Amino acid sequence: MNAISPPSPQPISDDDVHVALDLASAQVRRNLPTFTYAAQNHSSIGNVYPPVANDQWTAGFWPGEIWLAFEHTGDKVFQYAAQIQVQSFLHRIENRIETDHHDMGFLYSPSCIAAWKLVGDEDGRKAALLAADQLIERFQPVGQFIQAWGRRDNPNEYRYIIDCLLNLPLLYWASAETGDVKYRDIALIHARTTLAHSVRPDNSTYHTFYMDPVTGEPVRGVTKQGYADDSFWARGQAWGIAGMAFSYRYEPLPQYRDTFERLLSFYLERLPMDLVPYWDLIFTQGSHEPRDSSSASIVACGLLEMADLVGGEDADRYRDLARRMMKSLVEHYAVSDPSLSNGLVLHGTYSKKTPHNTCRGEGVDECVSWGDYYYMEALTRLSRRWASYW
Ligand code: GLY
């Protein structure tokens, strides 16, 4: 295993974790009047999230924050608000509103599986199972992957993306819940396909990966949201790290653990001193490019997930690093003045447009919905033995 050189922020203390969760829960509470019957936009605009319809891939993160606030405080006002959100998610999947993509896990794990696990919400269970049915429809046997976006008969869309590893826990849950192995089988296959093709020899990752629709052979990796095809999108690397940890939980192959270490080493080598990456890891200490704070929260969750699975010295090392990353986020990135932002964590980056990528520029140096959610999840994991929604 690679040694991790001592990073600069100190590990966050249990007391500081508790205070940070108090502050985050208070911010969630302040947001309930605006976002009980509305969804939160994927990213803030001038650090303020507008309310929107429940039709984006990111809509599950806000109810996830409400559930985490419920777990932290025990206050039923959070339960009631989150269960109102569950009805919106049931309506969305029953009517297939903007569900023709792979992000069913991001949508339905923190909203509806959480509702079922925490308070036995039957509609949450029903909605999440419908979402799992939708997700497996996107499986492409030729190439053995779940297609990310677009029509499944469009050869230009014949690709998966590394982010999808975080959609797979929905499928493992669906098999455990129903006894039908078809969901789990597809998740296992997709995870192995990702392992086979998405990691470059230098331990960085491709964001998206095309397969040949006729032969099923791997074709090429390209970026959508990174700086360029040969750069290192910071959130993609984070999805890879967390995704390897979850893959190892559901199928403890040594390759998942080894790959977790390799991706982590690459990430750590390119972090600036405060352990929060620039939005692409080609930018390093001293750059003036925006950060992506959400990438750090995702990695912290991945570290804490892997620590629970492996134990021993590696677990201590992962927990120590997660505590240092969270210290940095809590002290220098978390929203401290709610009059300036209705989010939890500043300096996230959703999609920065460059001449070399294919995304729309939006949510640059803003709060981002998943950044807020994973920040709370990492703090929650540090505060208790947490029963995961994933
Ligand atoms: N999964 C899309 C993103 O991370 O922006």
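The values are calculated or read from the model by the stated rules, or taken from the named source; none is laboratory data. None of these values were measured; they are calculated from a predicted model. When we count neighbours, we look across all protein chains shown, and the Cβ atoms used for this are built from the backbone with ideal geometry, even at glycine. Note: areas computed on protein heavy atoms with side chains; ligands, DNA, RNA excluded. Shrake-Rupley method; radii C 1.70, N 1.55, O 1.52, S 1.80 Å.
Key figures for this structure:
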read-out: Kirkwood-based shape ratio for the range 103-198, expressed as Rg/Rh from alpha carbons; value: 0.99
read-out: Loop-located GluC sites (Glu not before Pro) in the range 297-390 whose Cβ has at most 14 other Cβ within 10 Å (DSSP); value: none
read-out: Rg/Rh (Cα only; Kirkwood hydrodynamic radius) as it applies to the range 68-108; value: 1.10
read-out: Computed Rg/Rh of the range 138-262, alpha carbon atoms with Kirkwood Rh; value: 0.95
read-out: Alpha-carbon Rg with Dmax, taken over the range 216-317, Å; value: 14.2, 43
read-out: Sites matching trypsin sites (Lys or Arg not before Pro) across the range 96-139 that sit in DSSP coil, with at most 12 neighbouring C-beta atoms within 10 Å; value: Arg96
read-out: Most mobile of Ala307, Ala322, Ala115 in a GNM of the chain (Cα contacts under 10 Å); value: Ala307
read-out: Most mobile of Asn156, Asn54, Asn31 in a GNM of the chain (Cα contacts under 10 Å); value: Asn156
read-out: Residues whose placed amide H lies under 5 Å from that of Arg270, excluding near-sequence neighbours; value: none
read-out: Rounded percent of accessible protein surface that carbon and sulfur make up, the range 155-302, 1.4 Å probe; value: 50
read-out: Distribution of pairwise C-alpha distances over the chain, 20 Å bins, in %; value: 30, 63, 7
read-out: Centroid-to-centroid separation of the range 6-37 and the range 83-161 [C-alpha atoms, Å]; value: 28
read-out: Environment charge of Arg152, counting only residues whose C-beta is closer than 12 Å and scoring Lys/Arg +1, Asp/Glu -1; value: -1
read-out: Positive minus negative residues near Pro9 (Lys, Arg vs Asp, Glu; Cβ under 12 Å); value: -1
